[in-house]
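Chemist: Provided herewith is a single structure, encoded as structure tokens, for subsequent inquiry.
The values are calculated or read from the model by the stated rules, or taken from the named source; none is laboratory data. It should be emphasised that the depicted structure is a prediction, and the values quoted were computed from it without experimental measurement. Ideal geometry is used to build each Cβ from the backbone, glycine not excepted, and the neighbour counts take in all protein chains shown. The area values use the complete protein model at the heavy-atom level, side chains included, leaving out ligands, DNA and RNA. Shrake-Rupley method; radii C 1.70, N 1.55, O 1.52, S 1.80 Å.
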Amino acid sequence: MRSTFRGIFIVIIAILFISNTAEAQPKKGEFIQASIGLGMSAPYEDYNIFGNGFYAQAEYVFAFKKWLGVRPYAGFISTNPSKSGTDTSLSEYRVTSKAFLLGGKARICAPIPWIAPYIELGVGVSAGSFETFTPSTYKKDSGLLMHIPYTLGLALGKNHEVEIAVTYYEHPSVDQFSGALSVGFSFPLDK
């Protein structure tokens, strides 16, 4: 618990130092986007079984319009089994993922001042290992697996310098999805 608070404190300090030079997509041009956050993994089925861990991603952004951009990305997610609540009957089950993520996605953004909501959708490949072990499913796989990324987020600030997002990566071949609650910053390449 103490390490979680320490991590959140470090992220807040980084936001304060980086936000003066960062800009999000609600401007046209090319950017590098960096995101970091809390990773998670869960099965498709409705069980209180999940994993948690670390998530990081970098994107090269081509913003054709203030409201439309294309984003090739590379990222990493690592989750470990999480002890879930008081349901001890599920304690032997787990959902984990440890993978590098590569792909591309498109963003549609509402370039509203101070708060710009956006959605992203794409396709990619995960290189790593995945395990989904629930009362009704046992799937374990490693290597290259296809994934479908989608994101809901907000670009915040006068110049939309900070982004807060919930990102998911569907992994149909192992009946699980990975995801993250992340904070991101975009750095313009063409001033």
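Chemist: Exactly one of these conditions fails for Leu90: (1) open to solvent by less than 30 Å² (accessible area, probe 1.4 Å); (2) more than 16 Å from the chain's Cα centre (by Cα); (3) of a type in the set (A, V, I, L, M, F, W, C); (4) closer than 18 Å to Thr151 by Cβ. Give me its number.
Modeler: Exception for Leu90: condition (4).
Chemist: Starting from the range 42-68, keep only residues that are closer than 14 Å to Pro188 by Cα, then list their pairs with residues that are open to solvent by 80 Å² or more (accessible area, probe 1.4 Å) and outside any strand (DSSP E or B) whose Cβ atoms are within a distance under 8 Å, requiring at least 6 positions of separation or different chains.
Modeler: Ala63/Lys28; Phe64/Lys28; Lys66/Lys28
Chemist: Give me a count of the residues in the range 112-152 that are over 25 Å from Thr96 (Cβ atoms) and buried (at least 16 other Cβ atoms within 10 Å of the Cβ).
Modeler: Adding up the residues that qualify gives 2.
Chemist: Among the residues in the range 94-110, are any touching a residue at least 40 places away in the same chain (Cβ under 8 Å), of a type in the set (Lys, Arg) and open to solvent by 40 Å² or more (accessible area, probe 1.4 Å)?
Modeler: Within the range 94-110, one or more residues are touching a residue at least 40 places away in the same chain (Cβ under 8 Å), of a type in the set (Lys, Arg) and open to solvent by 40 Å² or more (accessible area, probe 1.4 Å).
Chemist: Among the residues of the range 115-122, is there at least one that is over 20 Å from Pro188 (Cβ atoms) and aromatic (Phe, Trp, Tyr)?
Modeler: Checking the range 115-122: not a single residue is over 20 Å from Pro188 (Cβ atoms) and aromatic (Phe, Trp, Tyr).
Chemist: Do we find a residue being under 21 Å from Thr167 (Cβ atoms), modelled with pLDDT under 95, open to solvent by 40 Å² or more (accessible area, probe 1.4 Å) and touching a Lys or Arg at 6+ places or on another chain (Cβ under 9 Å) anywhere in the range 32-43?
Modeler: Checked the range 32-43: no residue is under 21 Å from Thr167 (Cβ atoms), modelled with pLDDT under 95, open to solvent by 40 Å² or more (accessible area, probe 1.4 Å) and touching a Lys or Arg at 6+ places or on another chain (Cβ under 9 Å).
Chemist: Just to be sure I understand, how many residues within the range 160-185 are more than 13 Å from the chain's Cα centre (by Cα), of a type in the set (S, T, N, Q) and either crowded, with 19+ Cβ neighbours inside 10 Å or in a strand (DSSP E or B) (or both)?
Modeler: 1
Chemist: Need the failing condition index for Asp141 against (1) out of contact with any Leu (no Cβ under 8 Å at 6 or more places or on another chain); (2) touching a residue at least 40 places away in the same chain (Cβ under 8 Å), just the number.
Modeler: (2)
Chemist: Go through the residues of the range 124-137 one by one and say whether even a single one is in contact with a Cys (Cβ under 8 Å, 6 or more places away or on another chain) and in a strand (DSSP E or B).
Modeler: no
Chemist: Mind checking whether some residue in the range 68-76 is under 18 Å from Thr151 (Cα atoms), in contact with a Cys (Cβ under 6 Å, 6 or more places away or on another chain) and surrounded by 15 or more Cβ atoms within 10 Å (Cβ to Cβ)?
Modeler: The answer is no; no qualifying residue exists.
Chemist: Still on this structure: Need the failing condition index for Ala58 against (1) open to solvent by less than 20 Å² (accessible area, probe 1.4 Å); (2) modelled with pLDDT of 85 or more; (3) of a type outside the set (D, E, K, R), just the number.
Modeler: Condition (1) is where Ala58 drops out.
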